[in-house]
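The structure appears below as structure tokens.
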Amino acid sequence: MDTLHHPEEIIERIGGCGRFQVFLSVMSHLLKLPTVLSIYLMVFSIATPNWRCADAEDESSSMSIFNTVSYYSNFTIGNLTDEVSLDSDNGTKSYNNFKNCKNRNGTQCKNVVYDGDMKTIVSEWSMSCDLPWVPSTIASIQMLGIFFGNLVSGQLADSFGRKFPLFASLLLLIIANLVGYFSSSWLMFGVARALCGIGMGTYLTVQYSLVTEVSLPRWRPWIVAFPTWPILACGFALVSYLMPDWRKLHILATVATVPFLCLWWFVPESFRWHLSHDRTHIAKDIIQRIGKFNNRVVSDETVMELLNTTVIASPSGDKKKYSFIHLFKTGKLAKITCLSAVNWLALGLLSYGIQYGIQALSGNFFLNLFLFSIITVPATFIAIYLSNAIGRRKTVVLTYTVSTVGCLLVGIVQYIDTDLRDSLTNGFALFASLGIGIAWGPVQLMTLELYPTVVRNIGYGVLNTFARIGAVIGPQLAFLDTRIPGVMYFICCGVSVCCILASLFLSETKGADLDDKIKLKKDYSNETTLNSK
């Protein structure tokens, strides 16, 4: 054996960034549609439409409560404080208070009337006063489902391949959204969202493995960081505005997912996964299939020669099974896991904290949701360029710096007495959201490139669970922020600073080939010896 080949050399021989890679990349981004719909369905489903207490005999003796679409109105049941406002149309006075479920005489409101066309589970089962804790509980249940999906799917993907859990997640989302549509009680809806969470967690763990493992380093930033998510989120804001009915949106999510199941017959398993599990002949067939798709046919003899001399190959026929423990097998892997966990925790904490905080900001809910999504799109292209120009690590540091500055400014503004407080809060919150929104791409990319193939999905899945832990905490911080203004943003600012420090101690992966097996010191010395012959 004169030299050891790296799998990237095989990818170059079969077309590099050919038609197959383009096809697989496009499909991987289109496959985000079911998950984006399912995640934002929850944001919409637990929102509170405009409502009023209709107990009183006439309008003047009733307390009218007109909420902006707000998640937090579910929790704000306090003492009555009338705010008298003047109706500019007819000159009459009306009483407005959006933090109370009591009549003016102090009795509990028994007849809540929801205004407008917006239909959510809050209006479906009249939760504003009787069941204020249910929406947040269901949201937490969904996050726990995502958490469980992350944990299980990482192990599944590294043990049984990337393809099976990917398509299993789509099937589960179809079932879960159908159950959600037919829900006859909030308990049944909670079960549906738990199943939805497991499906989303599974998808989020395995979404990029198939395509990154057949792609070259220079194209991975485009594959991982392309802003499909915020574009689809903008689309959801428009669709939910035009069709503000939680049941109809569940049917839409179901119908939109079904066609993607057909891709099972067109998307092959990762040849690197087969090769890392010493299934050389299966890997050979997949490589030739990709080469044929790219019009780069390679003979059996050439493929087998490359495979038998690749750094992945294990002539000993080792059938070793890998697990969570192997993420700490070496000091290098332990360092990657611990430092990356900080970054992923922040992704969930800041993203979901700010996302649920959108509903407490001034202005229109649908417009705010659209703006907080669309702002990420142009910035993501800059992040993709920077990932290749200055490196992944520096890009991650830059994005968390933006979040740090934005969160700090939002927190400070809460204690400045100015008529522009609402506008400044929205603007700086948008700036903070911009930073964390574009951080997802380079952080995910670094994670995929830092771990070897045999534990890549396990590591990616475990780190995703840290994002879900942050996602559970984030909405609670947003609620706390309604009681102590600015506290969520000050905490997020501190977490972002920790991420900057953690990222500085991670290795740069720009232009690096993917490792495929866990390398101990003796493996490095053996590889050096073989290559020097």
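The values are calculated or read from the model by the stated rules, or taken from the named source; none is laboratory data. What you see is a predicted model; the values in this text were computed from it and never measured. As a convention, Cβ positions derive from the backbone with ideal geometry for all residues, glycine included, and neighbour counts pool all protein chains shown. The area values use the complete protein model at the heavy-atom level, side chains included, leaving out ligands, DNA and RNA. Shrake-Rupley method; radii C 1.70, N 1.55, O 1.52, S 1.80 Å.
For segment 188-227, the Kirkwood hydrodynamic radius comes to 11.9 Å, computed from all pairs of different C-alpha atoms.
Counting every C-alpha pair in segment 232-298, the share spaced more than 15 angstrom apart comes to 68%. A Cα-only calculation for segment 159-229 places Rg and Dmax at 15.5, 50 Å. If Lys and Arg each add +1 and Asp and Glu each add -1, what is the summed charge of the other residues whose beta carbon sits under 14 Å from the beta carbon of P165? Charge balance near P165 sits at +1.
Can you classify segment 117-249 as rounded, prolate or oblate using the Cα gyration tensor, where a ≥ b ≥ c are the square roots of its eigenvalues, rounded means a/c under 1.5, and otherwise it's prolate if a/b beats b/c and oblate if not? Note, shape of segment 117-249 comes out prolate. Between the amide H of W51 and those of N67, D115, distances stay under 5 Å, these residues lying 5 or more places away or on another chain, with hydrogens modeled in the peptide plane.
Based on every Cα atom in segment 122-170, Rg and the maximum pairwise Cα distance Dmax equal 16.5, 48 Å. Amide H contacts for D245 (H built 1.01 Å from N in the peptide plane; partners 5 or more residues away or on another chain; cut-off under 5 Å): K119.
Solvent exposure of segment 391-491 amounts to 33 Å² per residue of accessible area, where only protein heavy atoms count and the probe is 1.4 Å.
Please report the net charge: other residues with Cβ closer than 9 Å to the Cβ of G391, K and R +1, D and E -1. The answer is +3.
May I ask you to derive the FRET efficiency for R421 and D130 from their Cβ-Cβ distance with R0 = 30 Å, giving the value to the nearest 0.05?
Between R421 and D130 the formula returns 0.35.
Each residue of segment 379-533 gets 118 Å³ once the volume of the Cα convex hull is shared out per residue. Sorting F44, F366, F226 by accessible area puts them as F226, F366, F44; the probe is 1.4 Å, largest comes first, and only protein heavy atoms count. Of the cross-linked pairs K335/K394; K292/K517; K163/K292; K32/K284; K110/K248; K335/K517, those separated by over 26 Å at the C-alpha level are K292/K517; K32/K284; K110/K248.
Tell me whether segment 422-514 comes out rounded, prolate or oblate; compute the Cα gyration tensor, take square roots of the eigenvalues as a ≥ b ≥ c, and use a/c under 1.5 as the rounded threshold. Here segment 422-514 falls in the prolate category.
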